[in-house]
1. One residue is enough: does region 184-205 have a residue meeting the conditions surrounded by fewer than 14 Cβ atoms within 10 Å (Cβ to Cβ), modelled with pLDDT under 95, on the phi > 0 side of the Ramachandran plot and not in a helix (DSSP H, G or I)?
2. Output the residue which, of all residues in region 216-231 that are assigned to a helix (DSSP H, G or I) and touching a residue at least 60 places away in the same chain (Cβ under 8 Å), is nearest to the chain's Cα centre (by Cα).
3. If we keep just the residues of region 128-151 that are surrounded by fewer than 12 Cβ atoms within 10 Å (Cβ to Cβ) and assigned to a loop (DSSP other than H, G, I, E, B), which is modelled with the highest pLDDT?
4. Go through 52, 98, 59, 111 for me and flag whichever is surrounded by 14 or more Cβ atoms within 10 Å (Cβ to Cβ), in contact with a strand residue (DSSP E or B) (Cβ under 9 Å, 6 or more places away or on another chain) and modelled with pLDDT of 95 or more.
């Protein structure tokens, strides 16, 4: 009787180990398949992002010059130029905010005045992708400077109304489609040989953050990803990374 108990116990033990090993193998295969499905994200370099910002900055200067000329001529129809100056200032602030925080297009559009914490260096994301309000740090001085400059321009804008932080030409809350339109247009005008859209700035933020911190969990939190697999796509190694690694290793 004891002999058969030993045999049964041993068989059960080995079977359990086999099942656990099989389950682990299945999970590894699933992760591998998921990784292959996810494409390496297209990103912008810091130089390309600066080129992107230079387009609305140039438009701002152009329309300010035109406004000055029209005033000297005594023209009374200046609203068009004033509106374009305001839009150029707003768009600079939006691009810097998207890159400095990695927030999504829709999250930027949903920002209200009370969601910008100037004294605490953070912004509030209302009902984020995970379904609850979240806070995102913002530490870039240049971005805060642009946000304050935008607010000053907005106060002087005649269509300023409501509590939406980013507004359109008629005072309404800016919508994601408008961001897609002008960021795509700026990308073309800047001569960037990539498809430029708002989410590419989120990819760029994540890549820069991971390269700097070398910490996947920190990057996951910064991106507010629920699943770590969503963050793993940013661990790809570029040729520049390899070259920098070789230089540091002195090989």
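1. Among the residues of region 184-205, not one is surrounded by fewer than 14 Cβ atoms within 10 Å (Cβ to Cβ), modelled with pLDDT under 95, on the phi > 0 side of the Ramachandran plot and not in a helix (DSSP H, G or I), which makes the answer no.
2. First, the residues of region 216-231 that are assigned to a helix (DSSP H, G or I): 216-223, 229-231.
Keeping just the survivors that are touching a residue at least 60 places away in the same chain (Cβ under 8 Å) gives 222-223, 229.
Working: 222: 10, 223: 8, 229: 18 Å.
Selected residue: 223.
3. If we filter region 128-151 for residues that are surrounded by fewer than 12 Cβ atoms within 10 Å (Cβ to Cβ), which is where we start, we get 130-133, 139, 141-142.
Remaining after also requiring assigned to a loop (DSSP other than H, G, I, E, B): 130-133, 139.
Numbers: 130: 57, 131: 61, 132: 76, 133: 85, 139: 93.
So the residue we want is 139.
4. Values: 52 fails: in contact with a strand residue (DSSP E or B) (Cβ under 9 Å, 6 or more places away or on another chain); 98 fails: in contact with a strand residue (DSSP E or B) (Cβ under 9 Å, 6 or more places away or on another chain); 59 fails: in contact with a strand residue (DSSP E or B) (Cβ under 9 Å, 6 or more places away or on another chain).
The match here is 111.
Listed here are the residues, each with its yes/no results for (1) in contact (Cβ under 8 Å) with a residue 12 or more places away in the chain; (2) in contact with a helix residue (DSSP H, G or I) (Cβ under 6 Å, 6 or more places away or on another chain); (3) closer than 21 Å to residue 57 by Cα.
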| site | (1), (2), (3) |
| --- | --- |
| 141 | no, no, yes |
| 164 | yes, no, no |
| 174 | yes, yes, yes |
| 191 | yes, no, yes |
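For (1) within 13 Å of the chain's Cα centre (by Cα); (2) part of a strand (DSSP E or B); (3) surrounded by fewer than 21 Cβ atoms within 10 Å (Cβ to Cβ), each residue gets a yes or a no:
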position: 69; (1), (2), (3): no, no, yes
position: 76; (1), (2), (3): no, no, yes
position: 86; (1), (2), (3): no, no, no
position: 103; (1), (2), (3): yes, no, no
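The values are calculated or read from the model by the stated rules, or taken from the named source; none is laboratory data. Everything numeric here is computed off the predicted structure, so don't read it as measured data. So basically every Cβ, Gly included, is an ideal-geometry build from the backbone, and we count neighbours across all protein chains shown.
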